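K.L.:
My structure is below; once you've seen it, I'll send some questions.
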Amino acid sequence: MLRLTAAGARAIVDMSYARHFLDFQGSAIPRAMQKLVVTRLSPNFSEAVTLRRDCPVPLPGDGDLLVRNRFVGINASDINYSAGRYDPSVKPPFDIGFEGIGEVVALGLSASAKYSVGQAVAYMAPGSFAEYTVVPASIATPVPSVKPEYLTLLVSGTTAYISLKELGELSEGKKVLVTAAAGGTGQFAVQLSKIAKCHVIGTCSSEEKLAFLKSIGCDRPINYKAEPVATVLKQEYPEGVDVVYESVGGAMFDLAVDALALKGRLMVIGFISGYQSPTGLSPVKAGALPVKLLRKSARLQGFFLNHYLSKYQAAMEHLLELHSRGELVCEVDLGHLAPGGRFIGLDSIFRAVDYMYTGKNIGKLVVEIPHSVSSKL
Ligand SMILES: NC(=O)c1ccc[n+]([C@@H]2O[C@H](COP(=O)([O-])OP(=O)(O)OC[C@H]3O[C@@H](n4cnc5c(N)ncnc54)[C@H](OP(=O)(O)O)[C@@H]3O)[C@@H](O)[C@H]2O)c1
């Protein structure tokens, strides 16, 4: 049962919003909204995705929240999703975007037991690249305010937290190698490994990123454009590294396997260097893998966040706590250094995805979704 009728839901006004837009006639929730839709399967985001301007604003069901998105997160896998690699049985058109943060503007009766209009919530659910998204209350996370920093934890933070906790077997003094260390999820792998008192080596592609990695406690940042990673690892870590948080694939994966210590473990978090290719893969020296693992009693294990959702809520709670105590930096990149400037508005998501694939983002790439002041009923 809905707490609100369809008409009632449209008439609910978030009070903070109402204060800002008192000149509006009628409801603060428009009938129509903009959203991004995958209209053709392709890893080329701008070929695959269309900005639709006249979509109905969805209505929340009994257990749902209608969230007005204020910030949405860009993920490397947005282009895997637009290529249909997540669920090959799904055919376009379909919604896209993994995560958002915003305010509740309407909700169903069951959802109202825990949430209210105006409340700030963050969520990981499909379809966030939209002005409004319906989110099951059961998977939303209440947050103190609509700050993009909280958004960084939803996919990127929890991926690092759960994978390292479940598979990393971290303990004091272990050597951890993090690839794409200055990015959305890499920044958390670095910091959580430091919290576990490990020695952390992180790869990145620029001096700016190197400085950022130092600032979050990375012991040995390596700018792979200035120093060959394999050589640094051989010279400075002749015994090898105990844990690898590997996101890049291809040649980086190969050299990380070679750098494993006895009984070392490599977690396959991703292989971004292949995502833009038609197969989504980047070649690795697969033939040599069994012998390399056997010789070191080493382990290779995949990690996919969707398979660990039972651990999600506890991970979010702990990450929020660490951030609130000032023990976890949540670096956000809103695009102020990107060509064309800050990412503001749904149409700038195309530019933000391109920016990520130039490898320039520092921290979590985030797009702001300002509220459309012209959306009168
Ligand atoms: N398994 C899971 O459940 C899960 C969840 C979230 C993310 N991930 C994975 O984590 C990795 C990072 O994702 P993210 O969303 O956090 O992105 P991100 O790290 O914020 O951005 C991507 C970074 O990857 C690096 N990179 C290396 N080679 C690249 C290439 N050929 N093209 C583009 N970038 C390249 C770049 O940094 P530098 O070159 O400077 O290092 C770039 O800034 C991806 O592999 C993603 O699939 C996996």
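K.L.:
Any chance you could look up the accessible area of M124 with a 1.4 Å probe, heavy atoms only, rounded to 10 Å²?
P.N.:
For M124, solvent-accessible area is about 40 Å².
K.L.:
So, one more: Excluding R351 itself, what net charge comes from residues whose Cβ is under 14 Å from its Cβ, given Lys and Arg +1 and Asp and Glu -1? Write down the numbers at each step before the final one.
P.N.:
Details: positive: R342, K360; negative: D78, D333, D347, D354, E368.
Taking every other residue near R351 into account, the sum is -3.
K.L.:
Not counting ligands, DNA or RNA, and with a 1.4 Å probe, what is R299's accessible surface area in Å² rounded to the nearest 10?
P.N.:
Accessible area, nearest 10 Å²: 90 Å².
K.L.:
Which chymotrypsin sites (Phe, Trp or Tyr not before Pro) in the range 304-339 sit in a loop by DSSP (not H, G, I, E or B) and have at most 16 other Cβ atoms within 10 Å of their own Cβ?
P.N.:
Working: sites: F304, Y308, Y312; in loops: F304.
In loop regions of the range 304-339 (DSSP not H, G, I, E or B), the sparsely surrounded chymotrypsin sites (Phe, Trp or Tyr not before Pro) are F304.
K.L.:
Please provide three numbers in whole Å: the alpha-carbon extents of the range 163-269 along the principal axes, with the largest listed first.
P.N.:
For the range 163-269, the Cα spread along each principal axis is 31, 25, 23 Å.
K.L.:
Let me ask something additional. Restricting attention to the range 139-204, which trypsin sites (Lys or Arg not before Pro) occupy a DSSP loop and are surrounded by at most 14 other Cβ atoms within 10 Å?
P.N.:
Working: sites: K165, K174, K175, K194, K197; in loops: K174, K197.
Filter output for the range 139-204: K197.
K.L.:
Let me ask another. Rg to Rh for the range 266-377: what is it, with Cα atoms only and Rh by Kirkwood? Provide the component values of the computation, followed by the final result.
P.N.:
Working: Rg = 19.7 Å, Rh = 18.2 Å.
My calculation of the ratio gives 1.08.
K.L.:
Quick one: with all protein chains in place, what share of the accessible area of the chain is carbon or sulfur, to the nearest percent (1.4 Å probe)?
P.N.:
Details: 9160 of 16370 Å².
Its accessible area is 56 percent carbon and sulfur atoms.
K.L.:
Let me ask another. Any idea of E172's accessible area? Nearest 10 Å², probe 1.4 Å.
P.N.:
140 Å²
K.L.:
Counting only heavy atoms of the protein chains, get the accessible area per residue of the chain (1.4 Å probe) and round it to a whole Å² value. Intermediate results must be reported in sequence, preceding the final value.
P.N.:
Working: 16370 Å² over 377 residues.
Spelled out: the 1.4 Å probe surface of the chain, per residue, equals 43 Å².
K.L.:
Please state, to two decimals, what the Cα-based radius of gyration of the range 309-359 comes to when divided by 2.2 N^0.38 Å (N = residues).
P.N.:
On the way: Rg = 15.3 Å, N = 51, 2.2 N^0.38 = 9.8 Å.
That ratio works out to 1.56.
K.L.:
Regarding the chain, what are the three Cα extents along the principal axes, ordered largest first, in Å?
P.N.:
Projected onto its principal axes, the Cα set of the chain covers 69, 42, 37 Å.
The values are calculated or read from the model by the stated rules, or taken from the named source; none is laboratory data. Just so it is clear, the structure is predicted and the values come from calculations on it, not from any experiment. Cβ: placed from backbone, ideal geometry, glycine included. Neighbour counts: every protein chain shown. For accessibility, only protein heavy atoms count, side chains too; no ligands or nucleic acids. Shrake-Rupley method; radii C 1.70, N 1.55, O 1.52, S 1.80 Å.
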